[in-house]
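K.L.:
Quick one: the structure is below, and I'll ask about it shortly.
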Amino acid sequence: MKPDDIIYEQIGQSLESFQLVAEQLDELLHHGAELLTQALLGDGKILVCGMGSSAANGQGFVTRMLSRFELERPGLPALALSGDGLLLTGISHDTNPNDIYARQIRTLGHPNDVLLTLSSTGNAPPVIKAIQAAHEMGMRVVALTGGSGGDIATLLEDNDVELRVAADKSGLIQLTHHLLLNCLGELIEHQLFGSEP
């Protein structure tokens, strides 16, 4: 395969994935944004977690919530559970590496919060344990997954939302997750603050 072929294939697959999101996840995106917005209106917050590149995507979303996305507006309460390396290594060392998010949720979470998770495979043990902890706390979950949805898809309850990217390449799933987060961010802003004049 020539280098140009790689580029064209990557772009083509991305465009196809984006189109499928528009066709298949439209209603679920609205529902996910509504859950997140209702949490914010109810004095709740958005807790976000993922592993590796998914954690980075989640931290970018939190930055846009606390700062701004498209509108000048007050900051919105969101917390990236992956943001404190000292805390993560402490929990990992003192308890269990798979509890790095669950322990934070049990300590910081409230029933009116929403957990937003990202996992391209749907099988990351710390994210799975985070969802279990969120359910124990009475929290709802918006889960961004890929492929078959993995174990995460089987854990979700009727009042949760799964935004599944039907792809097998992790890079493509993560890129599409970034798009989904952009959609969620703009939908939240629109619901809370309307559009710029």
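The values are calculated or read from the model by the stated rules, or taken from the named source; none is laboratory data. Quick caveat, the model's predicted, so the values are computed rather than measured. Ideal geometry is used to build each Cβ from the backbone, glycine not excepted, and the neighbour counts take in all protein chains shown.
K.L.:
Identify the residue in segment 145-175 that is out of contact with any Gly (no Cβ under 8 Å at 6 or more places or on another chain) and outside any helix (DSSP H, G or I) and, among all such residues, is surrounded by the fewest Cβ atoms within 10 Å (Cβ to Cβ).
P.N.:
Filtering segment 145-175 for residues that are out of contact with any Gly (no Cβ under 8 Å at 6 or more places or on another chain) and outside any helix (DSSP H, G or I), the one surrounded by the fewest Cβ atoms within 10 Å (Cβ to Cβ) comes out as Asp158.
K.L.:
Further question: Determine whether segment 58-69 contains at least one residue that is β-branched (Val, Ile, Thr), within 21 Å of Thr145 (Cα to Cα), in contact with a strand residue (DSSP E or B) (Cβ under 7 Å, 6 or more places away or on another chain) and modelled with pLDDT of 95 or more.
P.N.:
So far as segment 58-69 goes, yes, one or more of its residues are β-branched (Val, Ile, Thr), within 21 Å of Thr145 (Cα to Cα), in contact with a strand residue (DSSP E or B) (Cβ under 7 Å, 6 or more places away or on another chain) and modelled with pLDDT of 95 or more.
K.L.:
Are any residues in segment 63-96 more than 22 Å from Pro125 (Cα to Cα) and in a helix (DSSP H, G or I), and if so, which ones?
P.N.:
Answer for segment 63-96, where residues must be more than 22 Å from Pro125 (Cα to Cα) and in a helix (DSSP H, G or I): Thr63, Arg64, Met65, Leu66.
K.L.:
From Gly75, Gly32, grab the single residue that is at negative phi and either surrounded by 14 or more Cβ atoms within 10 Å (Cβ to Cβ) or modelled with pLDDT under 95 (or both).
P.N.:
Just a single option satisfies the conditions, and that option is Gly32.
K.L.:
Taking segment 78-120, which residues are buried (at least 16 other Cβ atoms within 10 Å of the Cβ), among the aliphatic types (A, V, I, L, M) and free of Cβ contacts under 8 Å to residues at least 60 places away in the same chain?
P.N.:
Result: Ala78, Leu79, Ala80, Leu81, Leu88, Ile91, Ile100, Ala102, Ile105.
K.L.:
Which residues, counting only those in segment 143-193, are aliphatic (A, V, I, L, M) and under 16 Å from Gln132 (Cα atoms)? Spell out how you get there, then give the answer.
P.N.:
Here is the first cut: in segment 143-193, the ones aliphatic (A, V, I, L, M) are 143-144, 152-153, 155-156, 161, 163, 165-167, 172-173, 175, 179-181, 184, 187-188, 192.
Scanning segment 143-193 gives Ala143, Leu144, Ile152, Ala153, Leu155, Leu156, Val161.
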